Amino acid sequence: MMDQNHHSDKTAEAQPSEKKTTRNCCNGFKMFLAALSLSFISKALGAVIMKSSITQIERRFDISSSTVGLIDGSFEIGNLLVIVFVSYFGAKLHRPKLIGIGCIIMGTGSILTALPHFFMGYYRYSKDTTFNPSENSTSNLPTCSINQNLLPNRTSLEVVGKGLEKDSGSYMWIYVLMGNMLRGIGETPIGPLGISYIDDFAEEGHSSLYLGNLLAVTMIGPIIGFILVSQFSKMYVDIGYVDLSTIRITPKDSRWVGAWWLGFLAAGLIAIISSIPFFFLPKTLNKPNKEKKASASSVSLPMKNEEKSQMASLTKTGQNVTDTVTGFLQSLKSILTNPLYVLTLFLTLLQASSHIGSITYVFKYVEQQYGNSASETSILLGFISIPSLAAGMFTGGFIVKKFKFTLVGIAKFSLCAHMTSFLFHLINFALICENKSVAGLTLTYDGNTPVASHVNVPLSYCNSDCNCDPTQWEPLCGSNGITYMSPCLAGCTSSSGSKKSIVFHNCSCVEENGFQSKNNSMKLGECPKSDDCKRKFYIYIVVQILTLFSAALGSTSNIMLIFKNVEPELKSLAMGFHSLTIRTLGGIPAPIYFGALIDRACMKWSINNYGKQGSCRLYNSLLYGHTFFGLTTGLKFPALVLFVVLIFAMKKKYQGKDIKASENETKAVNEANSGPLINDAKVDHETHI
């Protein structure tokens, strides 16, 4: 009787302890899920801030688009440096702590990106402007001074430049590159290790739900990013250090640089804060109750059996390593000799390269083509792209599930979606604006005759005796709708007022109705775009929405085609190799060659304090548009051709077989998710889309 009571007491004690353990497990998992959500938000936030700040960084560091492309690609370089380590050792080590360390490194990288701002001295948007922290800015814009030698002024400018060399330097952008590379290193473990941790310790059948919620919450990052960049771009780069009332340029000026560094500081701090919870989480969580019951009998086994198995495994370590390497090479050979996988790999590489190049330079394109400020461009593109992509992905997934397409049917659906996107994309060629009328670049200096080339346009009768500096860029807008590069080159002989309200008088190069008038007055700033160009901008917005939506329709199908055309046991390797290829051959080179070709469309370069070519002030709109869209079209069209070839090859292989892709779809995805590389590939692919 006493034994029975004693047994019942033990049972009663065991039940609360079991409930307590289960509660702790759930609390630990919920904490991990919340921390991972915050880290995903900070990851997406940092990515959006970098892409949106490309133009600001280019102007601040006075570098070309190709150099900015190298900075952008350094993120992928950092990612590749540690992806093998994370993929192989990540699951064997303390995953939450590894993710926490990754968040700290990612945050440190963002902060390092912003640090050059504090060591570069004050931004000089004009050769004739200097800033002193204890005084107001001073400006002395040269006008047409006949028979005066300009050499003394140039010499003084060189002295000023040498004086600032210690503070700024011409290679400070390398710190931005290093910071972005660190951000890539830190971000690597977050996606694959976080998702695999969820898959291991979530309740059975719930991992897909948690993953969906995680990706949905991640969208908060880009939204916050676009809003922050929009607000910071309105602020002058040296806000808090100079008297803003003395700044004579506006956010729509091609020399304007906003407070780009504030965004990186914010992203860095959020990333570091998100790392804190991971250091208080265990390496493993207790399995849910169902799994406990299933393994209850194994707990009672003697510990000696486990020790014996460990000893046996140690003796076979050398043989296992050899078998692993051999098996890996055989598996790699298997997927690389699979024509369906190789075709899918190449067509997705072409598509990803097009997407990466477009995303990197689309902000700059809208600013240059339609005359929008960086602030307007960021908020606009953010609020049309996020809903369009989200709606397209949801609709595409719903259609595939609703109609239960076969694997060939999925390929056909994806082809139709990308074909539709391609056709919408072609409309962009008709929305390219005409070049601005700029004296000395598209017209002669008197504004009467178009020129064949913008290189070395000869001076005109109205400014040939003015001893102007041809490298100066201080644009003015004439009453005839023509932009002049500087007051001196416009033939202006005097000025009145100060700061933003300065007015130049007696500008002899300005003609109205074919007659020269010496009484013409001009104000600083480029002439606005034509009304026709503004109408094209509104059409461009609609076309972008349709293009993004139709491209997103087929994005989910593309992922399925990658791992459903290989053997089930090779899914993780197939997705991992796909991710590696996209990063190496797409993520790194695409921004560089896009930038190099865009540089060829520049008509007016800045000249820095060391006499070297800096950033571009004015582009040939027609050449820029045709280069930008021509390059993306040149990548998209071969991808469509490969898509057609893939469908014929799939028909030939699966002829007579009815493979329902929707059947066991969740199971297939979960199996593929067992390897860290596939999770990284999925998140990476969605980011590029």
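The values are calculated or read from the model by the stated rules, or taken from the named source; none is laboratory data. Keep in mind that this is a model prediction, so the values were computed, not measured. No Cβ is skipped: glycine too gets one built from the backbone with ideal geometry, and neighbour counts run over all protein chains shown. The accessibility values were calculated without ligands, DNA or RNA, using every heavy atom of the protein model including side chains. Shrake-Rupley method; radii C 1.70, N 1.55, O 1.52, S 1.80 Å.
For the stretch 459-471, the candidate set comprises residues that are open to solvent by less than 20 Å² (accessible area, probe 1.4 Å) and not polar (S, T, N, Q); within that set, the residue that is nearest to Asn620 (Cα to Cα) is Cys462.
Taking helices (runs of 4 or more DSSP H) that fall entirely within the stretch 139-234, which contain at least 1 residues that are at pLDDT below 90 and small (Gly, Ala, Ser)? Explain how you work it out, then say what you get.
Values: elements: 151-165, 173-187, 190-201, 207-218, 220-234.
Result: 151-165, 190-201, 207-218.
Scanning the stretch 237-254 for residues that are assigned to a helix (DSSP H, G or I) and closer than 26 Å to Gln368 by Cβ returns a single hit, Leu244.
Got at least one residue in the stretch 307-319 being under 30 Å from Phe563 (Cα atoms), modelled with pLDDT under 90, outside the structural domain of Glu203 (by the TED database) and within 43 Å of the chain's Cα centre (by Cα)? No, the stretch 307-319 contains no residue that is under 30 Å from Phe563 (Cα atoms), modelled with pLDDT under 90, outside the structural domain of Glu203 (by the TED database) and within 43 Å of the chain's Cα centre (by Cα).
Looking only at residues in the stretch 371-412 that are surrounded by fewer than 19 Cβ atoms within 10 Å (Cβ to Cβ) and of a type in the set (Phe, Trp, Tyr), the one that is nearest to Gly258 (Cα to Cα) is Phe383.
Condition check: among the hydroxyl-bearing types (Ser, Thr, Tyr), touching a Phe, Trp or Tyr at 6+ places or on another chain (Cβ under 7 Å) and modelled with pLDDT under 90. Does Ser572 satisfy that? Steps first, answer last, please.
On the way: among the hydroxyl-bearing types (Ser, Thr, Tyr): yes; touching a Phe, Trp or Tyr at 6+ places or on another chain (Cβ under 7 Å): no; modelled with pLDDT under 90: yes.
Spelling it out, it is not the case that Ser572 is among the hydroxyl-bearing types (Ser, Thr, Tyr), touching a Phe, Trp or Tyr at 6+ places or on another chain (Cβ under 7 Å) and modelled with pLDDT under 90.
Does the stretch 613-624 contain at least one residue that is under 18 Å from the mean Cα position of the chain (by Cα) and assigned by the TED database to the domain that holds Lys412? Scanning the stretch 613-624 turns up no residue that is under 18 Å from the mean Cα position of the chain (by Cα) and assigned by the TED database to the domain that holds Lys412. Summed over the stretch 52-97, residues that are under 17 Å from Ser275 (Cβ atoms) and surrounded by fewer than 20 Cβ atoms within 10 Å (Cβ to Cβ) total 4.
Scan the stretch 428-452 residue by residue and report those that are farther than 16 Å from Tyr484 by Cα and either open to solvent by less than 60 Å² (accessible area, probe 1.4 Å) or modelled with pLDDT of 85 or more (or both). Full working, then the answer.
Narrowing the stretch 428-452 to residues farther than 16 Å from Tyr484 by Cα: 428-434, 452.
Result: Asn428, Phe429, Ala430, Leu431, Ile432, Cys433, Glu434.
Looking across Ala649, Ala596, one residue alone is open to solvent by 30 Å² or more (accessible area, probe 1.4 Å), in contact with a Pro (Cβ under 8 Å, 6 or more places away or on another chain) and part of a helix (DSSP H, G or I). It is Ala649.
Conditions: (1) without any contact (Cβ under 8 Å) to a residue 12 or more places away in the chain; (2) crowded, with 22+ Cβ neighbours inside 10 Å. Cys616 meets all but one. Number of the miss? In the conditions (1) without any contact (Cβ under 8 Å) to a residue 12 or more places away in the chain; (2) crowded, with 22+ Cβ neighbours inside 10 Å, Cys616 misses (1) alone.
When the stretch 421-457 is filtered for residues that are free of Cβ contacts under 8 Å to residues at least 12 places away in the same chain, of a type outside the set (S, T, N, Q) and over 19 Å from Leu622 (Cα atoms), only Leu423 remains.
Yes/no matrix, rows are residues, columns are (1) crowded, with 18+ Cβ neighbours inside 10 Å; (2) modelled with pLDDT of 50 or more; (3) at negative phi:
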{"position": "His626", "(1), (2), (3)": "no, yes, yes"}
{"position": "Thr633", "(1), (2), (3)": "no, yes, yes"}
{"position": "Lys657", "(1), (2), (3)": "no, yes, yes"}
{"position": "Thr666", "(1), (2), (3)": "no, no, yes"}
{"position": "Gly675", "(1), (2), (3)": "yes, no, yes"}
{"position": "Glu686", "(1), (2), (3)": "no, no, yes"}
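The single condition among (1) modelled with pLDDT under 75; (2) surrounded by 18 or more Cβ atoms within 10 Å (Cβ to Cβ) that Lys293 does not satisfy is (2).
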